[in-house]
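Everything below concerns the one structure shown next.
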Amino acid sequence: MDFKRFLRQLALFEGIRLNAYQDQVGIWTIGIGTIRYPDGTPVMKGDKITLAQAYQYAEVEARHMLAALTKMLKVPQTEEQLIALLSLQYNIGTAGLASSTVMRSINAKKDIATIERAWLMWNKGTIDGKKVEIPGLATRRKSEIKIYKGLLKP
């Protein structure tokens, strides 16, 4: 996989912030969606990094995730499909993707409409103990599925 291509797309979805911030659901985040540094230490309030570190941390995490993703997949995927799946995984986590209807649908070779319905359901976050639709996630999911379907180039 072309990680530079993936990281460019990921940065568009996640944004790049060099100072730690709390995301929409309250998780301390830095760089390109990093919530834990490569050594496992969680991001904390007041943390600062460089642009080079932002890309480095995202790539380290993405490489680990891609290894897990390739083990989950039972059917071949195109480069675009891997980029879209890895973007989804980066956002919802490896465990979330592994147990998802998205992954079950792909591995069962379901039609694209079924995969798309399952994909678009991942548009919510937990805020104040309730699952709520987050507009930014809904937009991201629509873009990811377009990439998966080959309708949008990452």
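The values are calculated or read from the model by the stated rules, or taken from the named source; none is laboratory data. Small disclaimer: the values here were computed from a predicted structure and weren't measured. A quick note on method: Cβ atoms are made from the backbone with ideal geometry, for glycine too, and the neighbour counts reach across all protein chains shown.
Structure notes:
- Condition check for LYS4: among the basic types (Lys, Arg), exposed (fewer than 14 other Cβ atoms within 10 Å of the Cβ) and closer than 23 Å to LEU151 by Cβ: yes
- Top-ranked residue of segment 133-153 - restricted to ones that are of a type in the set (A, V, I, L, M, F, W, C) and out of contact with any strand residue (DSSP E or B) (no Cβ under 6 Å at 6 or more places or on another chain), ranked as farthest from GLN24 (Cα to Cα): LEU151
- Condition check for GLN81: in a helix (DSSP H, G or I) and free of Cβ contacts under 8 Å to residues at least 40 places away in the same chain: no
- For segment 106-144, a tally of residues being at positive phi and modelled with pLDDT of 95 or more returns 1.
- Conditions (1) of a type outside the set (Phe, Trp, Tyr); (2) under 23 Å from LYS4 (Cα atoms); (3) not in a helix (DSSP H, G or I): number failed by GLY125: (2)
- Scanning segment 66-85 for residues that are hydrophobic (A, V, I, L, M, F, W, C), surrounded by fewer than 18 Cβ atoms within 10 Å (Cβ to Cβ) and either touching a Phe, Trp or Tyr at 6+ places or on another chain (Cβ under 9 Å) or under 15 Å from ASP2 (Cα atoms) (or both) returns a single hit, ALA67.
- Inter-residue pairs, beta-carbon under 9 Å, first under 18 Å from TYR37 (Cα atoms) and in segment 1-22, second among the acidic types (Asp, Glu), 6+ apart: LEU7/GLU59; ASN19/ASP47; ALA20/ASP47
- Residue in segment 89-96 that is hydroxyl-bearing (Ser, Thr, Tyr), over 28 Å from LYS131 (Cβ atoms) and under 16 Å from the mean Cα position of the chain (by Cα) present: no
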